[in-house]
Amino acid sequence: MTTTVQPRKIVVLSGSGVSAESGLPTFRDANGLWNNHPWQELASPEGWQRHPETVQAFYNERRQKAWAAQPNAAHAAIASLEPAYEVVIVTQNVDALHERAGSTQVLHIHGELAYARGTSPRRHRYRIDGAPIEMGRLCEDGTQLRPDIVWFGESVQHFDEALMHVTTAARVLVVGTSLAVQPAASLARYAHQSAEKVLVSLEMEQVPRGFVFMRGKATEQVPALVARWLAEAQRTGN
Ligand code: APR
């Protein structure tokens, strides 16, 4: 099945590096979250079963910090692409900084800190912004509330929708991700061969085929790229 690329569609695949300059930690950098905390204990259903209060406290702290953080120039530049382009952000991040910068189509494939959910299959969801979830606080169906985060071993969210957008985008920007975690990382490989593909990061072990690597900070590289894309939209009307 041949997919048609939509000239005005941009997909941004973002990771923790785009929020690093807002003061939020990444995962695998020198001072990354998973270098200082065991993800097996804090971001897995097994860890939740073993010690839910420790997991709850870990996410309460992250939620409070994420809610206090401000969007940076990279988030703002990405938001400024609308309405010249249809911009779909597929983010691995669980903060709300893309939305708070003004982006309107954001798919959180690893969940969102600002939401709590029940632990029954019905998955009732509640917006809690930066507030803590206390042990003993129950969902309407009587199950313990937990962070609405996709833990290791759980299925990612909105993946099919994300894939549809990536394969039909004329421009794909991958920013601030090591592409270390599947299936999120595989999305970069589904970019159309005719699409313009750019990757912004401080470093990258393996740049996906067809991507131009712009090494540097998101707050420097992304505004420069966005300025060029906006100038192109001005000139060609798409
Ligand atoms: N500007 C641009 N890129 C940056 C910056 C910055 N200021 N700071 C860090 N980076 C880059 C790093 O070079 C690295 O390539 O961001 C990337 C961060 O990679 P990771 O720490 O692996 O984070 P991420 O790719 O988002 O992790 C993916 O792993 O544990 C799971 O669920 C978690 O969503 C997360 C997923």
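Run the numbers on the chain and let me know its relative contact order in percent, using alpha-carbon pairs under 8 Å that are six or more apart. Provide the component values of the computation, followed by the final result.
Details: 457 pairs, mean separation 57.3, N = 238.
Computed value for the chain: 24 percent relative contact order.
For region 133-203, with every protein chain kept in place, what is the accessible area per residue (1.4 Å probe, Å²)? Kindly include the intermediate steps, with their values, before the conclusion.
On the way: 3070 Å² over 71 residues.
In whole numbers, region 133-203 has 43 Å² accessible per residue.
Compute log10 of I(q)/I(0) for region 144-202 with the Debye formula, placing one identical point scatterer on every Cα and leaving out solvent, at q = 0.17, 0.18, 0.28 Å⁻¹, to two decimals. At q = 0.17, 0.18, 0.28 Å⁻¹ the computed log10 ratios are -0.65, -0.71, -1.24.
When the Cα positions of 40, 143, 226 are compared along the charge dipole of the chain, 226 comes out farthest toward the positive end, with charges on each C-beta of Lys, Arg, Asp and Glu.
Helices that extend 20 Å or more along their long axis by alpha-carbon positions and average at least -1.0 on the Kyte-Doolittle scale are, among the DSSP H runs of the chain, 218-236. Around residue 169, what is the net charge, scoring Lys/Arg as +1 and Asp/Glu as -1 over all other residues with Cβ under 11 Å from its Cβ? Net of charged neighbours comes to +2.
Considering only protein heavy atoms and a probe of 1.4 Å, how much of the accessible area of the chain is carbon and sulfur, as a whole percent? Don't jump to the answer; show the numbers that get you there.
Working: 5860 of 11320 Å².
Result for the chain: 52 percent of the exposed heavy-atom area is carbon or sulfur.
Taking N as the number of residues in region 87-238, what is its Cα Rg relative to 2.2 N^0.38 Å?
Working: Rg = 17.9 Å, N = 152, 2.2 N^0.38 = 14.8 Å.
Scaled against compact globular proteins, the figure is 1.20.
Free of any GluC sites (Glu not before Pro) that DSSP assigns to a loop and that have at most 12 other C-beta atoms within 10 Å, the longest stretch within the chain is 1-133.
Compute the normalised compactness of region 157-236: alpha-carbon radius of gyration over 2.2 N^0.38 Å, N being the residue count.
Ratio of Rg to 2.2 N^0.38 Å for region 157-236: 1.11.
How much of the pair distance distribution for region 1-106 lies past 23 Å, counting alpha-carbon pairs only, in percent? For region 1-106, the fraction of Cα-Cα distances above 23 Å is 40 percent. Okay, helix-only estimate at 222 nm for the chain: each DSSP H run of n ≥ 4 adds -39500 (n - 2.57), divide by all residues, round to 500 deg cm²/dmol; what do you get? Calculated from helices alone, the mean residue ellipticity at 222 nm is -8500 deg cm²/dmol.
Accessible area per residue was computed with a 1.4 Å probe on protein heavy atoms; residue 126 scores about 60 Å².
The values are calculated or read from the model by the stated rules, or taken from the named source; none is laboratory data. No experiment lies behind these values; they were computed from the predicted model shown. Neighbour counts run over all protein chains shown; Cβ positions are idealised from the backbone, glycine included. The protein model used for the area step is the full one, side chains on, heavy atoms only, and it has no ligands, DNA or RNA in it. Shrake-Rupley method; radii C 1.70, N 1.55, O 1.52, S 1.80 Å.
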